[in-house]
Structures are given as structure tokens and as C-alpha cells.
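The values are calculated or read from the model by the stated rules, or taken from the named source; none is laboratory data. These numbers were taken from a predicted model, which means no experiment stands behind them. Because the Cβ atoms are built from the backbone with ideal geometry, glycine has one as well, and the counts that use them run over all protein chains shown.
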Amino acid sequence: MQHKKWLKAAVAAALAVLTSSALAAGAHAAPGDALPPATGDLVIHKYIGAPVSGQSSTGVQVDDSAWSGVIAADGVAFDLFKVGAPVNTSAPQGTTWPDVPLTGDFVRNPGTGNLEVREGATLVGEYSLAAATPDSVTTGPNGTATAAGLAQGLYLVIENPAKSTSITDAATGEPLFISQAAAPFVVAVPMTAPDGQSWLDVVHVYPKNEAFTVDKTATTDGAVAVGDTVSYTITVSVPGDIATAKKFAIYDTFDAALDLDLASVTVTTVPELTGAGALVKNTDYTITYNPPTRTLSIAFAPEGRVKLAGTTSVVVTLDTTVNATILTAPGNTVSNTARGEFTNKDDVTFQADSGGGSESQISTATVSVTKVDQAGKALNGATFGIATSQANAAAGHFLRLDPATKVVHDYDASPTSAWATLGAAADYVIAPSNEASFTGLRDVVEVNGQPVWQTYWVVEIQAPATYNLLADPIAVAFADARATFADPADYDHVYHLTVTNSKGFTLPETGGAGTIGLTVAGVVLMGSAVLVGITRRKKTADEAC
């Protein structure tokens with residue numbers, strides 16, 4: 001009788017697992033064993049991504065080498081509880097709950113600590129729970145977690161998002177985020193083997209999560225200058241249970257170097273919602289901006305969350321203006337990170353962010369000038385200007401820098417242009433104490449809709465004392481700077497220019513007594529040479545006579 005009850009429980013538990021997770025492959029106890037082993041191991045293989053179809057739910061290990069669209073996850077925590085006897089006080093009058101849980105939704109009641117089994121809103125079973133040994137496991141670098149030596153029985157497994165604070169890709173270490181935890185499930189350990197005649201004393205389960213992704217990209221072909229407009233696109237995945245969610249919001253906190261154009265913010269979806277189902281601003285969602293914290297918030301109302309149920313992602317676009325703060329940012333580079341927040345119907349909150357990677361970074365370009373002599377020793381006392389063409393450089397039409405805004409203006413002959421209004425006093429010049437930089441430049445410009453690498457011309461306006469000025473402007477091509485990096489991701493938007501000066505010619509000084517003495521002596525010597533020459537010629541002539 002006891003064996004029949006256990007077998008019934010094992011079969012029921014296996015069916016329960018089937019509804020909530022994919023299972024895979026363990027060791028077998030000896031065929032023909034009537035009773036299960038006293039202990040077993042539960043191996044949890046954790047993946048984030050779409051469920052893999054066509055896999056058997058048998059508890060045996062599955063070959064997952066060809067799976068696509070899923071990522072093994074490190075750092076996901078699970079709580080384990082041993083399922084006990086039915087709690088019949090909650091059963092309808094005159095009835096008792098089944099000895100083993102039926103299939104359905106498994107919930108641990110935080111008040112009673114019992115397992116509740118529900119079919120929709122209907123309670124179909126309640127069972128006592130006790131902490132398992134071990135009571136918690138966390139997936140490791142291979143994406144698996146093993147609860148070893150579990151005593152024979154049924155176990156409730158609950159993913160614990162609060163403990164899963166640092167989920168990463170088990171292969172790459174990159175951060176991963178989820179928008180909902182895997183549904184709790186009940187599993188028998190050991191489990192009846194697929195042949196129905198033996199036991200699996202190592203049971204493999206494959207619960208999966210839905211990924212919660214936030215991507216942010218900057219629309220720019222290269223380095224930017226102060227005053228430029230930079231557009232961003234934020235794409236946030238929509239959780240599968242969005243319609244019943246209690247919160248869904250998108251946040252973007254801007255670096256001090258970026259000024260948001262609030263009027264430019266737009267919200268769309270993929271696929272796009274149209275007609276009566278289209279999102280309505282200030283009804284389905286709100287857009288707010290907090291200047292002190294520089295934070296943009298887009299919050300979806302219950303009506304909007306219901307509309308999002310037919311979409312896969314929300315797309316936010318916005319424009320910003322680059323200000324002078326970028327010139328003092330580390331590496332003249334600014335990162336920007338967007339964040340999504342989702343709270344499900346059970347008040348479990350999930351978060352994800354875009355990570356602030358290179359896709360959302362903007363930089364301003366720099367020409368770094370190092371001044372040396374012919375021996376390679378540091379020099380100071382030189383002054384340089386910079387122009388956007390060889391003709392401008394030759395004519396002395398240098399870039400001009402607005403001292404208030406730090407916006408760089410190119411040559412413009414119009415008398416009312418910003419360049420002309422600023423005047424020659426605003427010429428963008430540097431005086432290296434061995435090294436100085438022109439910053440706030442673009443390294444790529446758009447020409448007829450196509451990105452074109454920029455070339456500048458650096459002109460030496462003043463040379464160090466006793467050194468010669470450079471005869472010609474120096475071409476500085478950012479395409480060449482980029483070409484020095486084998487990996488485009490390493491390019492730092494900096495052109496390193498070393499300028500070598502040579503000593504000037506030393507001419508006699510006028511004035512000093514020593515100089516006069518040498519001059520007089522020189523004249524005397526020259527006179528003597530003349531007299532000697534005349535005497536010698538005369539003597540030669542006399543001899544000829």
C-alpha cells in the first residue's frame with residue numbers, strides 16, 4: 001500500500017512539473033527496485049529566453065547543445081520546501097484533499113507557510129511545507145544548481161528574485177535581467193524513470209525565465225561637438241503578464257553633459273498600436289522630467305498596460321543637446337543608461353537597465369599636440385591654431401571658440417556669422433607646455449547624408465624662442481587615428497600629433513664692443529689680404545719684365 005501511494009505521488013508530481021518546466025537526465029536506480037532510493041539529487045538548469053519546444057519532461061538530462069534563443073544564467077536562487085500531508089481544514093466541508101497535489105498553480109501562502117494548489121481562483125489543495133535540506137540553491141558559472149542528498153519525497157521549488165540580485169550570462173559574465181520568475185513547481189525526488197520500472201535518483205529540471213531587456217542607442221556617426229543634437233532610442237521588452245501588472249515604467253537619468261529636449265520625447269510600440277488600441281499620452285502613459293535629478297520618467301497606467309499586452313516592446317525616442325560639461329568628462333566621453341521597472345500582480349518587482357555600453361556613449365574628439373626639439377626633448381613657448389581646410393589654414397581663418405558656451409565655430413565670411421562676431425580674439429589656439437589639446441571637435445561629419453572622416457590643419461603661429469616656425473600647416477586626419485586600432489571599439493577619438501622644431505640660424509648681433517672689434521679686425525685682415533695680393537701681383541709682373 002505504501003509503495004502504491006508513493007508511486008501515485010511520483011506520477012502526480014511529474015505531471016505537475018510538466019506544467020511549469022522542461023525536465024532532463026539523471027542516473028537510474030537499479031531496474032526492478034520496488035521502492036525508491038532513500039535520497040536523490042535535484043539538478044536545476046537555469047535558462048533565460050524562450051522555452052525550447054519538443055523536449056520531453058521526464059527528469060532525464062537533455063542535450064541542450066543545439067538550443068538557440070536561450071542563455072544559461074548564473075546567480076539565480078531557488079528556495080526548496082518539502083511537501084507534507086494535506087491540510088484538510090481548508091477543504092470543502094465533508095471532503096479531504098488528495099494525498100498528493102493535483103496539477104495547477106502552486107503558491108506558498110506567506111501567512112500560513114502552506115502550499116496552496118489553485119485552478120484559477122479555486123483552491124484545490126493545501127499541504128504543509130517544511131524547509132528542505134538544503135533549503136536554497138543558486139545557479140553557478142555553468143548555469144546549474146544542485147540540491148544534493150535530498151530525502152525521498154515531494155519538493156516545492158520557488159525561484160527567489162530577491163536573492164537573485166546579480167544574474168549574469170553563464171558564458172560571458174554579462175548582466176542578465178528577468179521580467180518574471182519561473183512558476184513554482186513540485187517535483188518528486190527520486191522520480192519514476194520514463195520506463196515506469198525504475199527510479200531516477202538524479203532529477204534534472206529546466207525552468208526558464210522571460211528576459212527583461214532595455215537597450216539604448218545614440219544616433220551619431222562619430223565624435224560630437226558642444227552644441228550638437230544627439231538623438232537616442234530606448235527599446236524595452238514588454239513582459240508577458242503586462243496586462244495584470246501593477247507597474248511598468250521606463251526611466252532615463254541624463255549625464256550633466258546632456259540637456260533633454262522634453263518636447264522631443266515620443267513613445268511607440270512594436271508592433272505599432274493603431275486605431276482604438278493606440279496609446280494615448282496622459283491617459284495610457286505619462287511623461288515627466290525632474291530637472292534636479294535630470295531624470296525622465298515614462299509610467300504606464302492600467303489602461304496602457306492592458307494595451308501593451310499585444311506588443312513585444314516599447315520604443316522611446318528623444319533628443320538631447322551636448323553642453324560644455326563633456327569637455328571635462330573623463331576621456332571626453334559620456335555614458336547614458338536607461339532603466340525599466342516592472343511589478344507583477346504578486347507585487348514582485350523586476351528591474352533591468354541598458355548597461356551604459358558603447359551603443360549609448362558619446363565622445364568629443366581631440367587633437368593632442370606634443371612639442372619637442374630635434375633631440376625629442378620637451379619644448380614650450382609655441383602657439384598653434386587649427387582650421388578645417390588647408391585654404392583656411394593658409395589664410396589664418398582658424399576655428400573660433402565661444403568663451404561662454406564653448407561652442408566651436410568654423411570660418412564663415414558673412415559679417416553677421418558667429419565666427420565673424422566673435423572676432424580674432426576668439427581664435428581657437430593652444431600654447432603647449434610641451435603638450436596641449438584642441439578638444440570639442442567632430443571626427444566625422446555628414447556630407448550629402450553620408451558620414452565622412454574629418455581632417456583638420458594645425459598651424460604653428462609662434463615658435464619657441466630661437467626656433468624656426470613650421471613652414472606649412474600639418475594635416476591631421478582622424479581616419480588615420482582610427483586606422484591605428486585593430487578593434488574599432490578601442491578607438492578613443494584622439495589624434496596624437498608630435499611637432500618637432502629645429503633651431504634657427506644665429507646671425508651676428510649689432511652693438512657690443514666685441515662685435516665691433518671683430519669687425520675692425522676683419523676689415524684690417526681683408527685690407528692686408530688686398531695689399532698682399534697687390535704686392536704679389538706686382539712682384540710677379542716685375543719678374544716677368
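Numbers below:
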quantity	calculated
Every pair of residues 6+ apart whose Cβ atoms lie under 7 Å, when the first sits in segment 236-249 and is more than 8 Å from ARG305 (Cα to Cα) and modelled with pLDDT of 95 or more while the second is acidic (Asp, Glu) and in a loop (DSSP other than H, G, I, E, B)	LYS246/ASP347
Members of segment 121-168 found to be in contact (Cβ under 8 Å) with a residue 60 or more places away in the chain, closer than 21 Å to ALA181 by Cβ, of a type outside the set (Phe, Trp, Tyr) and outside any loop (DSSP other than H, G, I, E, B), listed by number	VAL137, THR138, THR144, ALA145, THR146, ALA147, LEU154, LEU156, VAL157, ILE158, GLU159, THR168
Criterion violated by THR58 - all others in (1) crowded, with 16+ Cβ neighbours inside 10 Å; (2) without any contact (Cβ under 8 Å) to a residue 40 or more places away in the chain; (3) of a type outside the set (Phe, Trp, Tyr) satisfied	(2)
Extreme residue, surrounded by the fewest Cβ atoms within 10 Å (Cβ to Cβ), among residues of segment 223-235 that are part of a strand (DSSP E or B) and of a type in the set (A, V, I, L, M, F, W, C)	VAL230
From VAL214, VAL202, VAL238, residue being more than 22 Å from the chain's Cα centre (by Cα) and buried (at least 18 other Cβ atoms within 10 Å of the Cβ)	VAL202
Single match in VAL236, VAL187, VAL226 (criterion: within 23 Å of ASP135 (Cβ to Cβ) and among the hydrophobic types (A, V, I, L, M, F, W, C))	VAL187
Some residue of segment 207-220 being in a strand (DSSP E or B) and of a type in the set (Gly, Ala, Ser)	yes
Any pair with Cβ under 6 angstrom, 6 or more apart, that starts in segment 408-426 at a residue that is in the same structural domain as ALA387 (by TED's automatic domain parsing) and within 13 Å of HIS397 (Cβ to Cβ) and ends at one that is acidic (Asp, Glu) and at pLDDT 95 or above	TRP419/ASP412
The one condition in (1) hydrophobic (A, V, I, L, M, F, W, C); (2) within 18 Å of ALA481 (Cβ to Cβ); (3) modelled with pLDDT of 95 or more that VAL459 fails to fulfil	(2)
Test: GLY196 is part of a loop (DSSP other than H, G, I, E, B), of a type outside the set (S, T, N, Q) and assigned by TED's automatic domain parsing to the domain that holds VAL62	yes
Qualifying residue in segment 446-453 (condition: buried (at least 19 other Cβ atoms within 10 Å of the Cβ) and under 40 Å from the mean Cα position of the chain (by Cα))	no
Boolean, ASP105 is within 38 Å of the chain's Cα centre (by Cα) and either closer than 14 Å to TYR47 by Cα or not hydroxyl-bearing (Ser, Thr, Tyr) (or both)	yes
Segment 158-184 - residue that is closer than 24 Å to ALA245 by Cβ and of a type in the set (A, V, I, L, M) and, of those, surrounded by the fewest Cβ atoms within 10 Å (Cβ to Cβ)	ALA162
Lone unmet requirement of (1) touching a Gly at 6+ places or on another chain (Cβ under 9 Å); (2) crowded, with 21+ Cβ neighbours inside 10 Å for ALA249	(2)
